[in-house]
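The values are calculated or read from the model by the stated rules, or taken from the named source; none is laboratory data. Keep in mind that what you see is a predicted model, and the values were worked out from it rather than measured. A quick note on method: Cβ atoms are made from the backbone with ideal geometry, for glycine too, and the neighbour counts reach across all protein chains shown.
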Amino acid sequence: MAFKDNRGFIEALQKSGDVVCIKQEVDWDLEAGAITRRTCELRGPAVLFQKIKDYPDGYRIFGGPLATYRRIAIAMGLPADTPINEIYDEFEHRQEHPIPPIVVNDGPCKENKMLGEDVDLYHFPAPMVHDGDGGRYINTWGFCVTREPDSGWVNWGIYRFMILNQQTLTGNPAPVSHLAMIFREKYLPRNKPLPTALVIGADPLSSIVAQQGLRVGESEADFAGALHQQPVELIKCETNDLLVPAHAEIVIEGELLPDVVAYEGPYGEYTGYRSDDPRQKVVFRVNAVTYRNSPILTMCVHGIPADEGQVTAAIGTGIGLRRLLRKRGLPVKNVYLPPEGAGHLAIVSVTRGGSEVARVVKEAMTVRRAWYPKILVVNDDVDIYNLGEVIHAFSVKCHSYRGITTSEEPGRGGPATPCYSKEERAELYGAVALLDATWPADWPEEDIPVKSSFNVIYPKEIQDKVLANCKSTGSKLVPLIERQEVTWESGFILLTLIVWTLHGRRSTTSGITKSICRISWKPRDSSGRHVTKIGSQPRGRVSSLPCMKWKLRILLRLWPRTRQTLPERESKAVCQSWLAWCRGLCIGR
Ligand SMILES: Cc1cc2nc3c(=O)[nH]c(=O)nc-3n(C[C@H](O)[C@H](O)[C@H](O)COP(=O)(O)O)c2cc1C
């Protein structure tokens with residue numbers, strides 16, 4: 001089931017334990033940002049801030065809505081623990097069938113309206129996200145709706161916007177973005193303002209689609225419908241004819257001005273650094289704001305991965321690139337943009353490798369812009385969602401000389417890439433390192449080293465046997481025999497301990513108790529080790545009370561251990577020595 005709005009999504013997150021609701025007052029000035037950043041870094045839950053300093057009850061901030069794959073899965077109506085590759089496949093499969101939106105006449109986003117001079121952007125708890133940001137960012141996880149005037153094509157895109165004053169914003173659409181393209185090509189030459197709607201707090205799937213790099217002419221609303229598997233409901237704006245999601249929390253209507261610029265930034269970027277200087281950017285004059293009762297402002301706190309920027313790009317953009325490469329006839333199995341790479345690393349697996357394939361992959365991936373400065377190509381036996389496997393392939397298969405090729409891509413780089421100098425960033429310098437970790441195409445098969453992994457180097461029947469044992473124990477790691485033995489022996493230890501403890505009056509009794517008591521009287525050296533062998537001590541009478549106390553103490557210490565199975569114990573060694581000890585007793589008799 002897909003959610004029409006963020007509120008349904010938040011309820012689902014509450015049920016699965018993927019959101020925490022904070023009732024105590026939290027400051028919009030850094031505190032909400034800091035909490036969200038921390039939870040992102042710990043891969044923790046999303047945060048719903050329910051009481052914001054200086055704001056009336058009900059005005060809320062929803063931080064980190066989609067910063068984990070679990071939350072993406074939930075947003076798509078999948079089980080929370082769906083593996084990444086299955087989320088990818090489902091996402092791609094759904095997007096093969098775009099569903100156009102429907103227009104409705106009424107919707108929750110119209111519950112409240114501010115028009116003209118009444119507009120006050122400070123009415124909403126726009127956060128100061130990071131210390132040192134250029135201002136309060138009202139939009140960190142919302143998208144702009146604009147229309148290309150000649151074709152009527154409507155574009156959605158996520159671009160951050162900062163408050164300049166009560167009725168003005170400045171924002172950061174990159175020069176290569178579709179919004180910048182429409183503005184530059186169709187409005188600036190005519191000196192006309194570009195009608196724009198900024199949608200904050202739309203349903204989660206529409207927001208994911210808005211950050212996908214779709215092609216000119218493709219409608220994000222149709223692709224959002226595809227993910228929902230039903231049409232998205234749109235409603236007309238108050239002051240222009242743009243259509244926006246009817247269930248959004250806040251809609252800011254206005255226009256980008258053709259003749260004014262203002263400084264935007266700096267900002268804690270998606271790269272994990274404050275890696276761009278304030279620059280003169282577009283100015284958004286606001287004409288109206290409509291919003292739901294008790295509005296929930298969504299907030300993405302960019303930083304060291306992961307946040308929704310990196311996680312949703314891993315899926316949306318990753319699938320877009322996979323589609324693009326396959327369309328070009330390349331033998332591509334998967335593309336993964338790991339959130340840990342902060343949008344600077346693309347991993348591509350291919351069914352047929354070699355330097356020529358890698359080169360063509362790189363060319364195709366840098367057609368529009370050179371925003372992935374590291375492209376790593378691996379064979380398809382590598383699970384590219386498993387970074388351990390990826391690092392292994394890179395380390396041992398990428399030839400340190402022949403396997404790495406670099407190229408400069410002037411004017412097509414990312415403006416915030418931290419390793420570029422200030423000058424390079426300013427002129428959008430770009431460079432790409434292609435890391436080829438595939439086997440060379442001209443190596444005969446017998447020259448390719450055999451992989452020593454469980455599923456390659458062992459015969460099938462051995463694999464099956466091992467896996468069958470693991471399955472029957474319900475564990476992936478511990479073979480069946482070990483667990484049964486331990487469970488049985490643990491019971492044995494427990495029983496003997498009880499008998500031994502209760503039998504306090506004499507040590508010269510028969511059977512197991514006798515043996516145990518003999519051991520208990522062995523003398524020890526200064527380090528606590530027994531100095532004689534089992535059974536070498538003379539039997540003797542034991543005064544019952546101190547002995548009972550002593551044994552009871554041992555019993556209490558060992559009791560918890562006997563009730564656990566081996567894998568759960570803190571110390572495997574302790575358990576094993578006890579088992580050996582018991583076995584020794586049995587054999588000795
Ligand atoms: C949280 C978040 C913030 C983003 N901020 C910006 C931004 O400020 N400027 C920008 O150009 N792209 C930004 N992006 C990336 C764009 O949303 C993405 O490139 C998208 O494809 C743009 O749409 P377009 O291709 O239709 O221009 C952001 C993405 C996310 C997920």
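Before moving on, here are some points about what is shown:
- Subset of segment 168-184 (residues that are part of a helix (DSSP H, G or I) and more than 7 Å from the ligand (Cβ to nearest atom)): ALA180, MET181, ILE182, PHE183, ARG184
- Pairs linking a residue in segment 207-234 that is charged (D, E, K, R) and crowded, with 19+ Cβ neighbours inside 10 Å to a residue that is assigned to a helix (DSSP H, G or I) and modelled with pLDDT of 95 or more, with Cβ atoms under 8 Å and 6 or more positions apart or on different chains, are GLU220/SER206; GLU220/VAL209; GLU220/ALA210.
- Output for segment 205-223, where each listed residue is assigned to a loop (DSSP other than H, G, I, E, B) and within 10 Å of the ligand (Cβ to nearest atom): GLN211, GLN212, GLY213, LEU214, ARG215, VAL216, GLU218
- Residue count, segment 280-306 (criterion: out of contact with any helix residue (DSSP H, G or I) (no Cβ under 8 Å at 6 or more places or on another chain) and either assigned to a strand (DSSP E or B) or among the acidic types (Asp, Glu) (or both)): 6
- Among the residues making up segment 451-469, those that are under 33 Å from the mean Cα position of the chain (by Cα) and of a type in the set (Val, Ile, Thr) are VAL456, ILE457, VAL466.
- Cβ-Cβ under 7 Å pairs, at least 6 apart or on other chains, segment 304-323 side within 19 Å of MET365 (Cα to Cα), far side away from the ligand (no atom under 12 Å from the Cβ) and polar (S, T, N, Q): ARG322/ASN334
- Looking only at segment 134-158, residues that are within 12 Å of the ligand (Cβ to nearest atom) and more than 27 Å from the chain's Cα centre (by Cα) come to 4 in all.
- Boolean, MET162 is within 12 Å of the ligand (Cβ to nearest atom), of a type outside the set (Ser, Thr, Tyr) and within 30 Å of GLU31 (Cβ to Cβ): yes
- Residues located in segment 2-17, provided they are of a type in the set (Asp, Glu), assigned to a loop (DSSP other than H, G, I, E, B) and surrounded by fewer than 21 Cβ atoms within 10 Å (Cβ to Cβ): none
- Number of the exception - ASN112 against (1) within 15 Å of the ligand (Cβ to nearest atom); (2) of a type outside the set (D, E, K, R); (3) closer than 24 Å to GLN50 by Cβ: (1)
- Evaluation of TRP156 against (1) without any contact (Cβ under 8 Å) to a residue 60 or more places away in the chain; (2) hydrophobic (A, V, I, L, M, F, W, C); (3) closer than 23 Å to VAL367 by Cα (one fails), failing number: (1)
- Options LEU337, LEU324, LEU330: the member that is within 16 Å of the ligand (Cβ to nearest atom) and surrounded by fewer than 22 Cβ atoms within 10 Å (Cβ to Cβ): LEU324
- The one condition from (1) surrounded by 22 or more Cβ atoms within 10 Å (Cβ to Cβ); (2) closer than 26 Å to GLU340 by Cα that ILE304 does not meet is (1).
- Residue within segment 325-334 that is closer than 30 Å to LEU121 by Cβ, touching a residue at least 60 places away in the same chain (Cβ under 8 Å) and under 19 Å from the mean Cα position of the chain (by Cα) present: no
- All positions within segment 195-205 that are buried (at least 23 other Cβ atoms within 10 Å of the Cβ) and more than 20 Å from ARG323 (Cβ to Cβ): THR196, ALA197, LEU198, VAL199, ILE200, GLY201, ALA202, ASP203, PRO204
- Any hit, segment 288-298, residues being crowded, with 24+ Cβ neighbours inside 10 Å and within 13 Å of the ligand (Cβ to nearest atom): yes
- Some residue of segment 61-74 being over 13 Å from the mean Cα position of the chain (by Cα), in a loop (DSSP other than H, G, I, E, B) and not charged (D, E, K, R): no
- Any hit, segment 302-316, residues being among the β-branched types (Val, Ile, Thr), more than 19 Å from the chain's Cα centre (by Cα) and more than 13 Å from the ligand (Cβ to nearest atom): no
- Residue in segment 229-240 that is aliphatic (A, V, I, L, M) and within 16 Å of the ligand (Cβ to nearest atom) present: no
- Residue match in segment 186-204 (condition: under 26 Å from ASP5 (Cα atoms), in contact with a strand residue (DSSP E or B) (Cβ under 9 Å, 6 or more places away or on another chain), away from the ligand (no atom under 16 Å from the Cβ) and outside any strand (DSSP E or B)): no
- Residues in segment 236-252 include none that are among the small types (Gly, Ala, Ser) and part of a helix (DSSP H, G or I).
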